[in-house]
Structure formats: C-alpha cells, structure tokens
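Below: one structure, written as structure tokens.
Nothing in this text is a laboratory measurement; each read-out follows from the coordinates by a stated rule. Please read all numbers here as calculations on a predicted model, not as lab measurements. When we count neighbours, we look across all protein chains shown, and the Cβ atoms used for this are built from the backbone with ideal geometry, even at glycine.
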Amino acid sequence: MILDRIQGPADLRKLSLTEMGELAKELREVIISTVAVNGGHLASNLGAVELTIALHYAFNTPTDKIIWDVGHQSYSHKLLTGRRDRFHTIRKEDGISGFPKRGESEYDTFGTGHSSTSISAALGILEGRARTGGDFKVIAVTGDGALSGGLAFEGLNNAGHLKKDLIVILNDNEMSISHNVGALSDYMNRILTGEFYRRFKKQTKAFLEGIPRLGMPVAKMAQKAEELMKGLLLPGILFEEMGFDYVGPIDGHSIEMLIDTLSRIKKATSPTLIHVITKKGKGYEFSEKDPCIFHGVGPFEPETGSPLRSSGVLTYSETFGNILSDLASSDDRIVAITAAMTEGTGLDCFAHRFPDRFYDVGIAEPHAVTFAAGLATQGVRPVFAVYSTFLQRAYDQIIHDVCLQGLPVIFAIDRAGIVGEDGPTHNGLFDISFLRHIPNLTVMAPADGEELDMMLRFAVTQQGPAAIRYPRGRLPESPLPHSPLSLGRGEVVREGTDVALFAVGSCVIPAVRAAERMAADGISSVVVNARFVKPLDSGLIQSVASRVPKVVTIEENAGQGGFGSAVLECLSDAGSHVHVRRLAVPDGFMEQGGQDRLRAKYGIDEDGIAASVRAFLREPTFSA
C-alpha cells in the first residue's frame, strides 16, 4: 500500500499525482474499515480526503499550521501525520482521539470538537506569529455546517478588518459541482490567483485613483464592474465585502486542481477564502446516499451499511421524539427546534409529521435559544432539543433571553452525562452545575423512559422555562414503580435505615440495584429518586437524612456545583450534621472510552456505588 510508505507529509510530497489518487482510495478504505469496527464520523471524513492530501502537499506542515473546524474532518489528517499504526485505536480508551488534539501530535495545531472555531483560532495564531516573529502560513478549514455558526462570521469579520494573510478553506459539502462549472471555475481561479492578475488589479486601481478629480469615482466604477462580473460567475461577493479575496468554487475531489490553487494562494498577503465543493460520504455507496445517517455512526457491516448492534430497545432520543410527536398531535402550540442535529436528537419523526412546526437553525445554539424565546412570547411552546455539550454555547441566552423573562421554553438536553468515545469535547458533565443556579428554571432528570414521558408532558404545562436532561443510549430495564409527578417533589423508591442514597437521573436504577445487593449483606438502604435538581425537594431530603446516620449522593455530572452540592447546601441550611459522601465525576476533563467502562472507573455504576457505600459505612461516625 502507498499509505504504508507515508510516515509524514514529507513522504507525501514525493508522490506523483497518480500515486496520490491511489492514496486517496486507500485512505477511504482504511477509514471505512476502522469506523465499521469502532464507530465514528464517517461521511464528513470521506468527503475531505483529497483536500487533506492537497493541503499537506502544498503547505510545509507542521511548520505551516492547519486548523480543522468541527474536527470530524480530520481522520485522513491523522493517517498522513504519523498515526497510521495507531489509527485502529481511534475513539477507544487510551487510543487516539476522534478529533484534533494538541497533546497528541505537533500536526494538531488547535484542539477542536465543537463547531465554528477554526477561523477565530487561526487569526489568533496569526497575531501570535506577528508578536513572536514566526514565519509560517495559517490555514483554517471550515465547513460541514460550521459556517452556519455565528462565531465563524465573527472571525471572518475580524480577519477582514486586520487584513492578515489568513487562508480560509470553505469545505462546502452541501452542493454538487458540474463539469462545466468546474472547468470555468478552474479557468477563473488560475486568473484570480495568479501574480499577473493581482499586480494588474493593484496597478490599475492606483492608476485610476491618480486621475485628477475623476480618479476616485472611476476607480469605484471599475470596482463595481468587477464585482458585478464576479457576482455573475462566482458566489463570493459576501466574502469579498468582508475583506477576503474569494477563490472558487473548485472541485474538492480533484487533487491536481487543489494543489495548483493552494500553491498559488500560498503567495497571498491578504485574507483569502477558497471555496471547495466536496461530496459528503464520497467513495462509499451507503454514506453517499445517506450522509446524515453516516455522519456519526456506531459499528456497522461495511458490505451492507447495516448497524451491527441493534437490540430493538428504543434510545432516549427516539423515545423523546416519539413522545413530543404524540404531544404535538393534540397541542398546536408545540414546535420543535434543533441546531443541525435532527436525527441525533430524535426529531426526525417530528420533522416528518409536522414539517411546518419544525425548525433546524443550523449550528447556531445561541440563536436557537433566543429564537425559542421569541416564539414563547407569542404563546408558542418551543422545545429545543440539544446535546448537553452544545448547550454550553448558549449560556448567556438561557439566562438573559429565557429565564430572566420567565418564558416557557423547554430544553430537551440529550447526551447528558458520560457520552463516551467522542471524548472530553462531547461529554455532557456540566449542565446540572451551570443550570441549577439560574432563577426561574426548573431542572429535571428522568430515571427511565416512563419518567421521560412524565417530565416532558409536565414541562409542556408549565408557565416558565424547564430543562430535562437524559443520557445517551438505550432505555434501561426499569424496576421502578413511579408516583405521579409534582413540581419539586422526589420519591422514595426503597426504604431503609442504615444509609440514604439520593440519586438523580441515570444513577437511580444503579443505586436501587446496589441497595438490593447490599441488603444481602445486612445493609439497609433508603433510596430516593430526586427527579428534580431544581426546585430540590428539601423537605424530603431533610426528612430522610434525619433518620439515617449517613447520606450518599449519586449523579452523572461534575461533582463541583452538581446535585450533590445542592443536597449539601440543603442539609447545611437545615442545620443537619449528617455525614455525606458525594459520588460524581471528579474535577477534570474525562477521557474517551466506553460509557460503561467510564461509569465503572468513576464509581457511579452499580458495583462502584455498592463499594463506596460499604467503605463509607465502615468509617467512624463523629457527633457534632
């Protein structure tokens, strides 16, 4: 294989165009076979293969800096930069990350996992270069939806103002490119990126402006004529107006065209945007036909594209989508909002049934929240379905635009807690901590599918904002009989006398099972399903704590400021001196790995809870 000869970009630069074409095929084969086993981001990576080859060929990496937006376009980048032998470990515990990671390779200039960050980061690196005297080029690769995020335009705006030699690659995989347009585009790019054109443009402008009295108006007329012509041929006026020289669109699967364009652009001294057209899922039949499904996938059968593991049990996301669709069928006020995650959040069924009540706003979580707030002022019941890690981007809007005004927006927070293989950028371990202190906001966490149903139906009836957090994965087998749901009320699901286990959300069922196991050893545990993080059921917590010597709180969230902290505050306010042990994720960013493995590592699964409680009970109890 040609790929076996590539230990780094220097080896790549020794290849012929024909060999690079073969290399592209090999990269796709390795990516498909690896993702089929490990899961991961497939379609976006398959679409960026030729672009990655051309970037590392044309630029002197790692001296020249490539910053990948979103990060899920970087598998080929990893394979070409010395990580071929470890690629089979991608997204696995102790393996390489599924995203660029600074500590992993000198070629990973900036860590990414969320969207729309590359342009701002690249501009910062350029300014840093100016201050430290470096000599290198900086290239931001955006696209795959990242340009729908407001941060990308903030970066573009500032870059156009500073007029640095930033190169932005817009990887546009939302449209195709015909041969005729490609040929014309190739011709135009050769003109627009050539030294003759750039020199002619500057000299002509200077000459026209130098004409007495008429110079400036004539120069402006010439500029307008140029813009009109480019507007007829190229969709680049927006970027030109922001201070960028626009090049494209070009065929993102033509290595020769890409290398030729990038080699010319290297000489640019002003901000330049190259518009590259690629096909998401390129080279794999099933991902080409359905790039949304193959955007992020679990293990699958390469020959058929079918998932390997399918238990038939619904996921929390699917259950949420079904419940919301059922509610919407009898309540015209309900609308659903997503930020480019229709399938991931389970809203595909809602979008199909109620297309006029469904909004995909793109990768723009702050806008989604304020958009929902505006809807709510008009009597609408907006439900914003969002991954916990992505809701972080809309923190100010949650406080200022929703909660301060007490508007009835519902936040359906998917992937709350440990997400697993996508690693620290995607684990949802902070939402309890950053939501529970906000006034007017009700925060709930279901223990199972039945409670998710109860909480969503309850939230729709409320007159203020509400958040429901639930984990990634399939619904658990639940032994719990639930009492009716009431605002700010928890429930005792098991009685006991030796220790109280206060659990919330995904930790309730493991707590019950741990209590059942400990009962065989003579340990009697009362288990409380908190249900609400806010308002907390202070009366129930204080009552239960008053009749046991020790209390354990259990949550799948960061320990700092989380559910356990709320229980401690409650007991402190009541003057209680009961001994408390908090089980949560410790301070730090959690590494990648399987969900079950990570829950076991941090002691919040059934075994870990039982072991911690036993150890806690062996510790002496001191009176106040």
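General observations
- Net charge of Cβ neighbours under 14 Å - reference Pro366; Lys, Arg +1; Asp, Glu -1: -3
- Cα gyration tensor shape of region 481-584, rounded if a/c is under 1.5, else prolate or oblate by comparing a/b with b/c: rounded
- Per-residue Cβ neighbour rank within 10 angstrom, fewest leading, Ile90, Ile334: Ile334, Ile90
- Counted by Cβ distance under 14 Å from Ser97, the other residues give a net charge of 0, where Lys and Arg count +1 and Asp and Glu count -1.
- Of the beta bridges in the chain, as assigned by DSSP with both residues counted there, near 15 percent are antiparallel.
- Based on DSSP H segments of at least four residues, each scored -39500 (n - 2.57), the chain has a per-residue ellipticity at 222 nm of -12000 deg cm²/dmol.
- Beta bridge orientation in region 398-502: antiparallel %, DSSP, nearest 5: 10 percent
- Label-to-label distance, nm, for residues given as Glu19 and Leu162 (7 Å Cα→Cβ offset): 3.8 nm
- Packing-based exposure ordering (other Cβ within 10 Å, fewest first) of Asp245, Asp11, Asp356, Asp596: Asp356, Asp596, Asp11, Asp245
- For region 274-331 and region 40-98, distance of Cα centres in Å: 23 Å
- Restricting region 465-555 to GluC sites (Glu not before Pro) that sit in a DSSP loop and have at most 16 other Cβ atoms within 10 Å of their own Cβ leaves Glu477, Glu495.
- Between 0 and 90°, nearest 10: helix 316-330 axis offset from the chain longest Cα axis: 90 degrees
- Per DSSP, loop trypsin sites (Lys or Arg not before Pro) in region 59-116 with at most 15 further Cβ within 10 Å: Arg102
- Whether region 316-469 is rounded, prolate or oblate, judged on the alpha carbon gyration tensor where a/c under 1.5 counts as rounded: rounded
- Mean Cα-pair separation over length for the chain, i.e. relative contact order, pairs under 8 Å, 6 or more apart, %: 11 percent
- Taking the square roots of 5 times each eigenvalue of the Cα gyration tensor of the chain, largest first, gives ellipsoid semi-axes of 51, 27, 22 Å.
- When each of Lys14/Lys65; Lys65/Lys601; Lys14/Lys266; Lys14/Lys289 is checked by Cα-Cα distance, pairs over 27 Å: Lys65/Lys601; Lys14/Lys289
- Shape of region 526-607, Cα gyration tensor, a/c cut at 1.5: prolate
- Loop GluC sites (Glu not before Pro), region 261-334 (other Cβ atoms within 10 Å of the site Cβ: 10 or fewer; DSSP): Glu303
- Relative contact order, percent, region 22-98 [alpha-carbon distance under 8 Å, six or more residues apart]: 33 percent
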